[in-house]
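Written out below as structure tokens is the structure these notes cover.
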């Protein structure tokens, strides 16, 4: 005989006790006997998780009565008086438990914290189960509707799932004495690849204490044609190919063919134009063959979807964090992403920027965001970019932990004495120093070379 997937769970059959209901009764009874449990369970338990309205209002009544109680238990008679008072005033929207039911309930109290915490965990788990199954029903109904909008529906479902996870997180304060020792330990422990993502440039790594940190949003900004995509890929290659750290590249401009061409050119030092024209000589092919073995083993994930929204990105990041231990995301570039609806374009980009920063913190990864600058540099004599040139939204500057502005003098003056050089202008570094790092722009190899290393 087959079992229907919608059959009641064990424990919910007629005549059998419901463990969730029993847990709710014990929790409500226990706070009457020990009102201090309300404070002890704070951060681990939300009374809103109690499904039975009458039992939930017992908790609220105890919370109210204990405000005038210095110590000791709250007898069921005091809870009864509070509930009847609320009912008479119209504050209570239900018919509460009567005196007899409260006295019976009181006899079910647990007295130990560990015992009550056990039952409170069951109540919290059952609350998540109800919301989870309810979400499944909503998804089913919405998926069958005639006006089904895949993008909006998936985004809403993702947000709802995120809400379920966040509700399970505890929000506890910490005493400085409990965490200050770790600060001293960090003071004498140089960063490693376990907590930093190397950039591939010695001076940048030195400036950033070993590389990018988890939770950081890094903005790489430039005018069109400066090579910001090349730099973004260079950061990804340094982390994934050189150091074996899982990286995701989201390219909204270049397809996978262009991406792989650029990566091969940079790693094998083959002229990019030769790869595109199919004219690589035997020496270049040999270098490419040697480089491919290392590239094939690299945890470098590429996506060339031309449409990318924040919910879509969050879903992909969540999957790669769980399955591959993702450490960094490179997005090329923010102005091409689908932004949340808002009154103005600036407000849309602001929402997008904030969402990317929160994603970096939530998943403990580095988010590198490429961005276009406005025409400000071209209106200045020296053509050097500034952080204030970030296009469309000052929120990008505000949310970023690090802003790197890419500048090449020979992009404006072909005969410049600095032809072939590129400046990485660190215009913002939250909690650290700023500087200008000079590199070699080997754009024919689709890369920037670290001059400090040579």
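Please treat every number below as a calculation from the coordinates, not as lab data. Just so it is clear, the model here is predicted, and its values are computed rather than measured. Please note: Cβ atoms are built from the backbone with ideal geometry, for glycine as well, and neighbour counts cover all protein chains shown.
Can you give the Rg to Rh ratio for the stretch 230-354, taking only C-alpha atoms and Rh from Kirkwood? Could you put the intermediate results ahead of the total?
Values: Rg = 16.6 Å, Rh = 15.9 Å.
Looking at the stretch 230-354, the ratio lands at 1.05.
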Relative contact order for the chain using alpha-carbon pairs under 8 Å, separation at least 6, rounded to a whole percent?
14
Listed highest first by mean packing, meaning other Cβ atoms within 10 Å per residue, what order do 220-227, 136-143, 83-90 come in?
220-227, 83-90, 136-143
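Show that you can apply the helix-only estimate: for the chain, add -39,500 (n - 2.57) for every DSSP H stretch of four or more residues, divide by all residues, and state [θ] at 222 nm to the nearest 500. It would help to have the intermediate numbers written out before the result.
Numbers: 16 runs with 207 residues, N = 454.
Calculated from helices alone, the mean residue ellipticity at 222 nm is -14500 deg cm²/dmol.
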Where both partners of a DSSP beta bridge lie in the stretch 193-449, what percent of those bridges are antiparallel, to the nearest 5?
45
Relative contact order of the stretch 16-170, please, whole-number percent, based on alpha carbon pairs below 8 angstrom and at least 6 residues apart.
31
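Report the antiparallel proportion of the DSSP beta bridges in the chain as a percent, rounded to a multiple of 5. Kindly include the intermediate steps, with their values, before the conclusion.
Values: 18 of 42 bridges.
So the antiparallel bridges amount to about 45 percent of the total.
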Ratio to report: Rg/Rh of the stretch 193-449, with Cα atoms as the point set and Rh obtained by the Kirkwood method; give two decimals.
0.95
Kirkwood calc, the stretch 320-416, C-alpha pairs only, radius in angstrom 15.0
Rg (one decimal) and Dmax (whole number) from the Cα set of the chain, in Å, equal 29.5, 95
Compute the semi-axes of the equivalent ellipsoid of the stretch 94-148, taking the square root of 5 times each eigenvalue of the Cα gyration tensor, and list them largest first in whole Å.
38, 18, 5
Cα gyration tensor shape for the stretch 16-170, rounded if a/c is under 1.5, else prolate or oblate:
prolate
Ranked by how many other beta carbons lie within 10 Å on average, peptides 31-41, 112-122 from highest
31-41, 112-122
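Give the Rg/Rh ratio for the stretch 191-295, taking Rg as the radius of gyration of the Cα atoms and Rh as the Kirkwood radius, to two decimals. Please report the intermediate quantities before stating the final value.
Details: Rg = 15.0 Å, Rh = 15.1 Å.
With Rg and the Kirkwood Rh in hand, the quotient comes to 1.00.
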Percent of alpha carbon pairs in the stretch 62-117 separated by more than 15 Å?
57
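Which order do the peptides 18-28, 434-444 take when ranked by the mean count of other beta-carbon atoms within 10 Å per residue, highest first? Write out the running numbers ahead of the final one.
Details: 18-28: 21.1, 434-444: 16.6.
With the highest mean Cβ count within 10 Å placed first, the list reads 18-28, 434-444.
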